[in-house]
Structures are given as C-alpha cells and as structure tokens.
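Scroll down for the structure; my scribbles are underneath it.
The values are calculated or read from the model by the stated rules, or taken from the named source; none is laboratory data. Keep in mind it's a predicted model, so treat the numbers as computed, not measured. Ideal geometry is used to build each Cβ from the backbone, glycine not excepted, and the neighbour counts take in all protein chains shown. Side chains are part of the model used for accessible areas, which takes the heavy atoms of the whole protein and leaves out ligands, DNA and RNA. Shrake-Rupley method; radii C 1.70, N 1.55, O 1.52, S 1.80 Å.
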Amino acid sequence: AQTVTQSQPEMSVQEAETVTLSCTYDTSENNYYLFWYKQPPSRQMILVIRQEAYKQQNATENRFSVNFQKAAKSFSLKISDSQLGDTAMYFCAFMKPNTDKLIFGTGTRLQVFP
Amino acid sequence: AAGVIQSPRHLIKEKRETATLKCYPIPRHDTVYWYQQGPGQDPQFLISFYEKMQSDKGSIPDRFSAQQFSDYHSELNMSSLELGDSALYFCASSRNSGASTDTQYFGPGTRLTVL
C-alpha cells in the first residue's frame, strides 16, 4: 500500500523569506502523480502544484516549486517570497495512474509572520 | 472561473438521522469524488463517479451511498448517522481528458455535525 509522510507538523517563516516543506512517500509503482494542496483557515482545499513521476523536470507555479527526487521518493515544496496569504495547512498527496484515490499525508501547518 | 459547488455548507443532525450532501461539479467536468476529513485529520477518499457510474471506492461505510446524475451533479446519502460521522465532506471534480490521471479540484466542503 502507498503511504505519504510529512514529518514536519508545523513550520514558520517570515514574510518574503523562503521555506521548504518535506514529503516522502512509499510505493512500488514506477509511474504515479504527486500533488501539493493548500488548506487555509477557510478549509477550502486548493491545488498548489502537480508533478508526474515520468517527468524529470521539477514543476513550478510562480512562487511555488518542487524538488522531486524519484529514487529517494521525496517530493518537497519550496515557497519563495512567502506572503501572509500562504499561511495554511499544506498536504502532500499521491495518486496511482488509473485510480481516483488521492492519498494524503498528515499535513504541515505553515505560519507566515510579518 | 466557476468552481465546485457544495450544499449545504453546514449541516447539523441528530444521531440516527439521515443526511444528503450535494455536489455540483465545475462545468464540463464529468467525474466527481467524495472525501471525508475528520477533525485534525487528512482527507480520506470515499467514492468516485464517472459518467454516472461508480468509478472507484474507498473507505465508505455501508450506511453511506452516493450517485451521480445525468447533469453530472452528485449526492452523498448518509443514514443512521453516528457521532463519528461529524466531519468536513469534500466533493472534487475533474474532466476526463483521456489522461491516466486528471487533477481533482475541490469544493468548499460541507461541515456535518452529528449531535
């Protein structure tokens, strides 16, 4: 069975600084998909970024980028120029191809301070 | 851009009552997914539908059932409610593009409280 581990329950960063959130996963699959979702205090689940395992290039979305290390089964999220609005719970998620089930980690609560 | 709509946003029920949660996917999305997020927990996949047929099934209790209608909206029916059913219920939708995995976009959730 696939598992997703987020070892940092809480992180904090000062506005405009950079922070990296860690995520590791366990799978025997060769092809799969990885996601980062953000859940602000409103509890809405918002897609941040998506990575296909067959792509070697790391995904980027504006201030958000990932460091995908397939051999190490690691998928960290880097947030550059942190903003107060980035304060949220961040969930790493895994999905096998041809399935509908997102498997989430336990989340990392990020606090951005002024 | 239009998002996933869920109704109601909040629901309070007594034990042993029934509840129906509704989900309206993003326009032109044909697949819906249901997740349950307990207090302080990560979301857990319940069930999904594609073109009105059940597509995948997770840890959904037998007391729960769901369906997708011809207009692609979906309803999650929950019977014999228990205190442990209190949670945030998310619906997500995606458009089946033929790719092996389509990104799921989540609605705002329905907060169910069972007293």
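Observations on the model:
Every residue, every condition in (1) part of a loop (DSSP other than H, G, I, E, B); (2) acidic (Asp, Glu); (3) more than 11 Å from chain B (Cβ to nearest Cβ); (4) surrounded by fewer than 20 Cβ atoms within 10 Å (Cβ to Cβ), yes or no:
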site: A:16; (1), (2), (3), (4): yes, no, yes, yes
site: A:37; (1), (2), (3), (4): no, no, no, no
site: A:44; (1), (2), (3), (4): yes, no, no, yes
site: A:65; (1), (2), (3), (4): no, no, yes, yes
site: A:78; (1), (2), (3), (4): no, no, yes, yes
site: A:81; (1), (2), (3), (4): yes, yes, yes, yes
site: A:112; (1), (2), (3), (4): no, no, yes, no
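- Selection count, the stretch B:78-98, where residues are surrounded by 13 or more Cβ atoms within 10 Å (Cβ to Cβ) and either within 9 Å of another protein chain (Cβ to nearest Cβ) or of a type in the set (Gly, Ala, Ser) (or both): 9
- Per the conditions (1) farther than 19 Å from residue A:45 by Cα; (2) more than 14 Å from the chain's Cα centre (by Cα); (3) open to solvent by less than 60 Å² (accessible area, probe 1.4 Å), the sole criterion not satisfied by residue B:56 is (2).
- Residue that is surrounded by the most Cβ atoms within 10 Å (Cβ to Cβ), among those in the stretch B:61-77 that are hydrophobic (A, V, I, L, M, F, W, C) and within 17 Å of residue B:109 (Cβ to Cβ): B:76
- Screening residue B:28 with (1) touching a residue at least 60 places away in the same chain (Cβ under 8 Å); (2) crowded, with 22+ Cβ neighbours inside 10 Å; (3) of a type outside the set (Gly, Ala, Ser) gives one miss only, at (2).
- Looking at the stretch B:1-103, the strands (runs of 3 or more DSSP E) lying wholly inside it that each contain 3 or more residues that are under 28 Å from residue A:48 (Cβ atoms) sit at B:5-7, B:19-24, B:31-37, B:44-50, B:53-57, B:87-94.
- Residue A:54 vs. criteria open to solvent by less than 20 Å² (accessible area, probe 1.4 Å) and within 14 Å of chain B (Cβ to nearest Cβ): no
- Each residue in the stretch A:83-110 was checked for being among the hydroxyl-bearing types (Ser, Thr, Tyr), open to solvent by less than 10 Å² (accessible area, probe 1.4 Å) and either assigned to a loop (DSSP other than H, G, I, E, B) or out of contact with any Gly (no Cβ under 7 Å at 6 or more places or on another chain) (or both), and 1 of them qualify.
- Enumeration of residues in the stretch B:29-56 that are touching a Lys or Arg at 6+ places or on another chain (Cβ under 9 Å) and either facing another protein chain (nearest Cβ under 10 Å) or modelled with pLDDT of 95 or more (or both): B:31, B:33, B:37, B:45, B:46, B:47, B:48, B:56
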